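Right, one structure below, let's go through it.
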Amino acid sequence: MFTSTGSSGLYKAPVSKSLLLVPSTLSLLLALVLPHCQRFFVYDLQAVKDDFQIWRLISGRIICLDLKDTFCSSLLIYNFRIFERRYGSRKFASFLLGSWVLSALGDFILVEAVRHSFGVTMARNLPSGFLAPVFALFVPFYCSIPRVQVAHILGPLSITNKTLIYILGLQLFTSGSYIWIVAISGLVSGICYNSRMLQVHEVLCVPSWMAKFCAWTLEPLFSSSEPTSEARIGMGATVDIQRQQRVELLDRQLMLSQFAQVRRQRQQQGGMINWNRLFPPLRQRRNVNYQDGQRAEQPASPPLEVSEEQVARLMEMGFSRGDALEALRASNNDLNVATHFLLQH
């Protein structure tokens, strides 16, 4: 797994799993077994425009004919499965559907704009495959996934939990001559859908009856069980870094188990979670001397002032204002730690 964007595996992500299995399998079959059938999956805009072969908009924008694009897009879909877990399968599928439709219109507009503005006639065929919605998912990835620093390289430059995903997207962006058209139309469609511009999220969405039908028929085929235990490997290049990461992982798992226990108790009592009683501020945790016999009790400090901007960002991710305030106070306004606790539970 490239990033710490959630638990590993594909549980609670049937749409992502179907996008990984079905198009990838068909792409391999077309490349290795049925190469003579590839002409039916060519994304030919000129044929759509001149000969009204509308079916090419569907067949040409689902299956990748280039195995490198298949590999890169599959890895990206696997990492973007967190959005299906966060928003639900129906909203996630609606985002993919909306960005797919908007990007198809964007492809025509970009090709015609380049031809009229610069007098350049683009190639007849654009890269095939489910690429535009994959690029569209970079919009919520950039806006809602917190940036967590992993390591420093060359002084001010740093590697974060999102660096490798951007590198993989750049690799996909440079895989073909005209893939930049698909990428730009995908990013623009993602911005339009994510910002709810012109209410496209209400028009281009999966109907409830279709979602229920797919949940009844297809979800049992692509559902996965939740992993009972996970062993994550740190990204450190030395033994010391890996040891430190394992210690931090154990500490985080301990805090999460305490959080889950207290949350169950608070829900039974019908009250709000007291985050500060559960998670002491990180700065205090790091300054504790574990070699001493017993920890000295510290007097209660007044409530910490939290940033309204960070509260707003957590609320945009779907959390309540009360939980956002308490999580930020408990983590000393550390947005990454607060988001981690809220996402895990």
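The values are calculated or read from the model by the stated rules, or taken from the named source; none is laboratory data. Model, not experiment: these values are computed from the prediction. Because the Cβ atoms are built from the backbone with ideal geometry, glycine has one as well, and the counts that use them run over all protein chains shown. The area values use the complete protein model at the heavy-atom level, side chains included, leaving out ligands, DNA and RNA. Shrake-Rupley method; radii C 1.70, N 1.55, O 1.52, S 1.80 Å.
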Cα-based shape type of segment 148-206, given that a ≥ b ≥ c are square roots of the gyration tensor eigenvalues and the cut on a/c is 1.5:
oblate
For E326, E309, the accessible-area ranking with a 1.4 Å probe, largest leading, is E309, E326
Computed on Cα atoms only, the convex hull of segment 25-97 has an orientation-averaged projected area in nm² of 5.8
If we count every other residue with Cβ under 13 angstrom of V182's Cβ, Lys/Arg +1 and Asp/Glu -1, where does the sum land?
-2
Which entries of K49/K91; K91/K162; K68/K212 show an alpha-carbon separation above 29 angstrom in the structure shown?
K49/K91; K68/K212
Tell me, what is the 1.4 Å probe accessible area of H36, in Å² to the nearest 10?
110
Specify whether the C-alpha gyration tensor of segment 101-214 places it in the rounded, prolate or oblate class, a ≥ b ≥ c being the square roots of the eigenvalues: rounded for a/c under 1.5, otherwise prolate if a/b is larger than b/c and oblate if not.
oblate
In what sequence, largest accessible area first, do F213, F319, F141 appear using a 1.4 Å probe?
F213, F319, F141
Would you mind telling me the share, in percent, of accessible area of segment 162-205 contributed by carbon and sulfur at probe 1.4 angstrom?
68
Classify segment 21-150 from the C-alpha gyration tensor, please: rounded if a/c falls under 1.5, else prolate or oblate depending on whether a/b exceeds b/c.
oblate
Considering only protein heavy atoms, what is the solvent-accessible area of D66 at a probe of 1.4 Å, reported in Å² to the nearest 10?
50
Keeping the other protein chains in place, figure out the carbon and sulfur percent of the accessible area of segment 32-76, with a 1.4 Å probe.
71
Round to the nearest 10 and report in Å² the accessible area of K17, as given by a 1.4 Å probe over the protein chains' heavy atoms.
40
